[in-house]
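Student: Before I ask anything, let me first share the structure, which is written out below as structure tokens.
The values are calculated or read from the model by the stated rules, or taken from the named source; none is laboratory data. If you're wondering where the values come from, they're calculated on a predicted model, not measured in any experiment. So basically every Cβ, Gly included, is an ideal-geometry build from the backbone, and we count neighbours across all protein chains shown. These accessible areas exclude ligands, DNA and RNA; they are computed on the full protein's heavy atoms, side chains included. Shrake-Rupley method; radii C 1.70, N 1.55, O 1.52, S 1.80 Å.
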Amino acid sequence: MSLGASGEASITSGVTASNTVTYGVEWDAEKGLSKISECEKKLELVGPDVDIKAHAEARATVYPEIGIGIYKVLCPTISPQPYIKAEADGRLVDNQYVAWNAGISTGVDLGLGLCLDLFFWKKDLGEIDPINVFDLPLVSLPDEIELLNEKEEEMLVNGKKEVKYHVTNKNYITGTEYNAPAVLVHFEAEGGELEDEYGYTDKEGNVSAFFTLTDVKGGKITAEVVQGAEAEEGEEEDVIKADDWNAI
């Protein structure tokens, strides 16, 4: 069994300060000369901008590693390493929304190495990082987001519509789906305006986007679950997205 956790947090904040000072003389026929002295002070808070990322992982090797030698003397070795893994990720989005996801999976890593085998004497010459052969989900939190409205609905321009979604978790071992509460969902709109760009699912796994149509040609809403971990550069992001909803 191996356990690991990593995280980073940064807070950026500061202030800007400026003074505008005006000096001079004003003359009035009745009052005569008078002094002008003005000072305007300006103080503004910058930030705070908060960035938090966290990852936790637990992995258990199901069986002892099995070393397979290909041939004698200078011998490449293969070590299949079946495992069960649980992991969770979380981050702060736009300084105010918490996104997370978690899951349990199983798979096989393949360790590759090289050893010198002289029948009476054997020495490992080194190993490279294991290669993942496959990784299959057992439990996925969350797993799917479903559009509850019809995919196309008629609307009046400047009319308002509640578009509903349902988010579920899944146990792949039993094939069971169940409600996913407290999941962050991001909405984007075309041809209209949204009340909120983000929303959390309630205890039943439901969340809504409130849309006002502004374009006579129609509009569209896209919705996807915000993951707790962003894809690394060069990696394909695992997107959980609902069917698009269209206003006619």
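Student: Need one number: nm distance between label points at residue 73 and residue 244, each 7 Å from Cα along Cα→Cβ, rounded to one decimal.
Tutor: Using points 7 Å along Cα→Cβ, the separation is 6.3 nm.
Student: Shifting gears a bit: I need the trypsin sites (Lys or Arg not before Pro) found in the stretch 30-61, filtered to DSSP loop residues with at most 15 other beta carbons within 10 Å of theirs.
Tutor: Here the trypsin sites (Lys or Arg not before Pro) that fit, given the DSSP loop and packing criteria, are 31.
Student: Then there is this: Please list, by residue number, every one of the GluC sites (Glu not before Pro) in the stretch 153-185 that is coil in DSSP and has at most 16 other beta-carbon atoms within 10 Å.
Tutor: Those that pass, being in a loop and sparsely packed, are 154.
Student: I would also like to ask the following. If I take every Cα pair under 8 Å that is 6 or more residues apart in the stretch 133-228, average their sequence separation and divide by the length, what percent do I get for the relative contact order?
Tutor: Over the stretch 133-228, the number comes to 29 percent.
Student: To continue, here is another question. Taking R0 as 22 Å, what FRET efficiency do you get between residue 114 and residue 232 from their Cβ-Cβ distance, rounded to the nearest 0.05?
Tutor: About 0.15, to the nearest 0.05.
Student: Calculate the spin-label point distance for residue 157 paired with residue 18, positioning each point 7 Å from the Cα along the beta-carbon direction, and give it in nanometres.
Tutor: 4.2
Student: Now a separate question. In a Gaussian network model over the chain where Cα atoms closer than 10 Å are linked, find which of 109, 135, 124 has the largest mean-square fluctuation.
Tutor: 124
Student: For the stretch 229-243, just list the computed ³J(HN,Hα) in residue order, Karplus coefficients 6.51, -1.76 and 1.60, θ = phi - 60°, integers in Hz, with x standing in for Gly and Pro.
Tutor: Couplings: 10, 7, 5, 5, 4, x, 9, 7, 6, 7, 9, 10, 10, 8, 4 Hz.
Student: Among 145, 105, 213, flag the residue with its Cα farthest along the positive direction of the charge dipole of the chain, charges on Cβ as +1 for Lys/Arg and -1 for Asp/Glu.
Tutor: 105
Student: If you don't mind, another one. So what is the relative contact order of the chain, in percent, for Cα pairs below 8 Å that sit 6 or more residues apart?
Tutor: 14
Student: While we're here: Classify the chain as rounded, prolate or oblate from the Cα gyration tensor: take a ≥ b ≥ c as the square roots of its eigenvalues, call it rounded if a/c is under 1.5, otherwise prolate when a/b beats b/c and oblate if not.
Tutor: Since a/c reaches 1.5 but b/c is at least a/b, the shape of the chain is classed as oblate.
Student: I need the phi-derived Karplus couplings for the stretch 200-209: 6.51 cos²θ - 1.76 cosθ + 1.60, θ = phi - 60°, integer Hz, Gly and Pro marked x.
Tutor: With the stated coefficients, the stretch 200-209 comes to 9, 6, 7, 5, 8, x, 9, 8, 10, 10 Hz.
Student: Which lysines have a Cα lying under 20 Å from the Cα of residue 151, excluding residues fewer than 8 positions away in the same chain?
Tutor: 160, 161, 164, 217, 220, 241
Student: Enter the accessible area per residue of the chain (Å², integer; probe 1.4 Å; all protein chains in place).
Tutor: 67
Student: Right, next: Which residues' amide hydrogens lie under 5 Å from the amide hydrogen of residue 93, considering only partners 5 or more residues apart or on another chain, with H built in the peptide plane?
Tutor: 98, 99
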